[in-house]
Amino acid sequence: MEVHFYIYLVPILYLLFKIWKWVDERKDKECYIIDYQGYKPTDDRKVSTEMSGELIVRNKNLGLNEYQFLLKAIVSSGIGEETYAPRVMFSSSPRGYENPTLQDGILEMDEFFQDSIEKLLSRSGVSPREIDILVVNISMLAVVPSLSARIINQYKMREDIKVFSLTGMGCSASLISVDIVQNIFKTYKNKLALVVTSESLSPHWYSGNDKSMILANCLFRSGGCVMLLSNKRSLKHRAMFKLKCLVRTHHGYRDESYECCIQREDEQGRIGFHLAKNLPKAATRAFVDNLRVISPKILPIRELLRFALTLFVRKVINNNSQKGSSEKSNNVKAGINFRTGVDHFCIHTGGKAVIDGIGFSLDLTESDLEPARMTLHRFGNTSASSLWYVLAYMEAKKRLKKGDRVFMISFGAGFKCNSCLWEVVRDLDGNNGGNVWKDFIDSYPPESLANPFMEKYGWIQNEDSTTFKLPDEYKHFT
């Protein structure tokens with residue numbers, strides 16, 4: 001009898017052991033954000049609307065139509081008076097801002113590295129030689145040796161560090177970097193990763209007059225972020241966020257999507273960043289496809305069933321309705337309640353229209369959109385790092401509590417839409433020493449986001465292009 005007992009007991013114990021081992025190993029594959037450090041450039045790099053106007057006026061290749069277009073774009077962009085520009089833009093010499101050098105771009109990145117990487121490592125108590133993985137994404141600056149090699153040299157990191165340098169990924173690059181790290185974590189245990197995300201604007205100031213290319217000069221601002229990630233169990237108690245899932249959507253196979261956001265030369269051979277009119281359409285397509293994949297991963301079954309039933313009823317009604325009507329709306333809501341699985345929405349600050357569009361599609365409230373709107377107002381579109389300024393705003397406002405779920409959405413050239421869901425691991429009281437909002441969070445949100453220079457630049461809207469002359473206050477720029 002005892003023999004039979006042990007015959008059955010052994011396989012049961014073995015099965016339980018395998019289950020325990022599987023569960024235990026999964027814990028070593030988690031991806032945690034231990035800490036992050038946003039970049040706030042020095043005050044001498046602040047660029048107001050008035051300064052933006054001066055930068056536009058000194059471009060001698062622009063005519064009245066281009067002035068009207070750019071000034072209107074600036075005052076209606078949702079960008080405030082305290083964003084930051086590359087140092088080369090403040091140069092008094094035309095040779096400096098019209099013909100920026102490679103060194104200008106490198107020095108811009110060095111300023112970011114020396115500020116944010118040092119602050120993060122110092123605060124976290126991590127030595128540079130403890131870093132196992134380094135991922136750097138700077139889309140528009142590819143140098144030899146690479147920027148990642150520059151960081152390794154400056155901080156004397158280990159010779160066996162795993163290094164990834166990403167270029168050309170656009171505004172969605174930081175989530176691609178996170179995806180690289182989480183996939184490495186699935187194979188290697190007890191690792192520390194440093195993700196460095198920013199954009200080099202210095203070498204890419206467009207000095208031509210193509211409307212589709214000068215717009216980028218108005219929208220993008222300097223910024224950056226450094227994140228420390230790990231799958232070490234010993235650091236779990238210090239973690240801020242845990243990655244639940246991440247989905248990447250790439251529409252590069254579509255010609256119209258590939259070409260809607262692209263670096264190219266204009267007819268005069270000047271290099272710039274072309275933003276096509278079909279960009280919103282390409283973004284919408286990528287966004288919808290991304291939501292199809294990530295929704296079942298982050299929403300409860302009851303909401304998915306409700307949506308499926310609603311969709312079925314809607315199709316039946318549409319089939320029975322009058323077929324002669326051809327009216328269609330370009331603004332389509334998702335029809336699914338994302339708040340059933342998401343507590344906070346971290347939206348890429350690509351512009352006021354991007355924030356409004358996502359807010360409409362997901363039926364979000366002004367409270368949901370506030371972090372993105374305030375980030376656009378205070379820091380502008382900082383490309384791939386913008387998501388982390390939005391996240392820092394939520395933290396500074398003490399919105400993030402243990403168990404909350406944060407949905408990140410980003411868009412990038414290619415065309416790409418990447419999204420992910422983070423779980424808040426512990427209550428975040430906003431006292432993180434690296435929070436870029438900490439010194440002025442109490443002044444946000446302001447009473448109004450209206451641009452104070454709307455009236456100042458109204459003169460140009462009524463000018464006759466045949467008699468157009470610059471006002472005396474701008475004569476010294478010509």
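The values are calculated or read from the model by the stated rules, or taken from the named source; none is laboratory data. Keep in mind that what you see is a predicted model, and the values were worked out from it rather than measured. Positions of Cβ are generated from backbone atoms using ideal geometry, with glycine treated the same way; all protein chains shown enter the neighbour counts. Each accessible area value is taken on the protein alone, full model and side chains, heavy atoms only, with ligands, DNA and RNA left out. Shrake-Rupley method; radii C 1.70, N 1.55, O 1.52, S 1.80 Å.
Quick notes
- Applying a DSSP loop filter and a limit of 16 other Cβ atoms within 10 Å to the trypsin sites (Lys or Arg not before Pro) in segment 167-196 leaves Lys186, Lys189.
- Based on protein heavy atoms only, segment 143-292 ends up with 45 Å² per residue of surface accessible to a 1.4 Å probe.
- Straight Cα distances below 19 angstrom link Lys315 to the aspartates and glutamates Glu303, Glu327, with same-chain residues fewer than 8 positions distant left out.
- Here the dipole of segment 225-280 is about 980 debye; that uses its Cα centre as origin and unit charges on the Cβ of Lys and Arg (positive) and Asp and Glu (negative).
- Ordering of 380-389, 62-71, 409-418 by burial proxy (mean other Cβ atoms within 10 Å per residue, highest first): 380-389, 409-418, 62-71
- Pair-distance distribution P(r) for segment 142-253, from all Cα-Cα distances in 10 Å bins starting at 0: 10, 35, 33, 16, 5, 1 percent.
- Between amide H atoms placed 1.01 Å from N, distances below 5 Å from Gln263 occur with His274, all of them 5 or more places distant or on a separate chain.
- Temperature 10 °C, viscosity 1.306 mPa s: under these conditions the Stokes-Einstein estimate for segment 337-466, based on its Kirkwood radius over C-alpha pairs, is 99 µm² per second.
- Directionally averaged projected area (segment 343-405, Cα convex hull): 4.0 nm².
- Spherically averaged projected area of the convex hull of Cα atoms, segment 127-189: 4.5 nm².
- Per-selection metrics, segment 64-216 (Cα): Rg and Dmax in Å: 18.4, 60
- Computed 3J(HN,Hα) for segment 263-275, one whole-Hz value per residue from the Karplus formula 6.51 cos²θ - 1.76 cosθ + 1.60 where θ = phi - 60°, is 7, 7, 9, 7, 5, 8, x, 7, 7, x, 10, 8, 10, glycine and proline marked x.
- Spin-label model distance (nm) - Ile271 vs Arg150, 7 Å beyond Cα toward Cβ: 1.5
- Taken over the Cα atoms of segment 89-178, the convex hull encloses 117 Å³ per residue.
- Loop-resident GluC sites (Glu not before Pro) (DSSP state other than H, G, I, E or B) in segment 109-185 with no more than 16 further Cβ atoms inside 10 Å of their Cβ: Glu159.
- Restricting segment 188-230 to chymotrypsin sites (Phe, Trp or Tyr not before Pro) in coil, as DSSP defines it, with at most 15 other Cβ within 10 Å: Tyr188
- Phi-based couplings in Hz for segment 288-300 (Karplus 6.51, -1.76, 1.60; Gly and Pro marked x): 4, 5, 5, 5, 4, 7, 7, 4, x, 7, 10, 9, x
- Nonlocal amide H pairs with Cys245, under 5 Å, H built at 1.01 Å: Leu421
- Computed with every protein chain present, the accessible area of Asp442 is close to 150 Å² [probe 1.4 Å].
- J(HN,Hα) series, segment 191-203, from Karplus relation 6.51 cos²θ - 1.76 cosθ + 1.60, nearest Hz, glycine and proline x: 10, 10, 10, 10, 10, 10, 10, 6, 8, 9, 9, 3, x
- Computed over protein heavy atoms with a 1.4 angstrom probe, the accessible surface ordering of Asp356, Asp160, Asp110, Asp439, largest first, is Asp439, Asp160, Asp356, Asp110.
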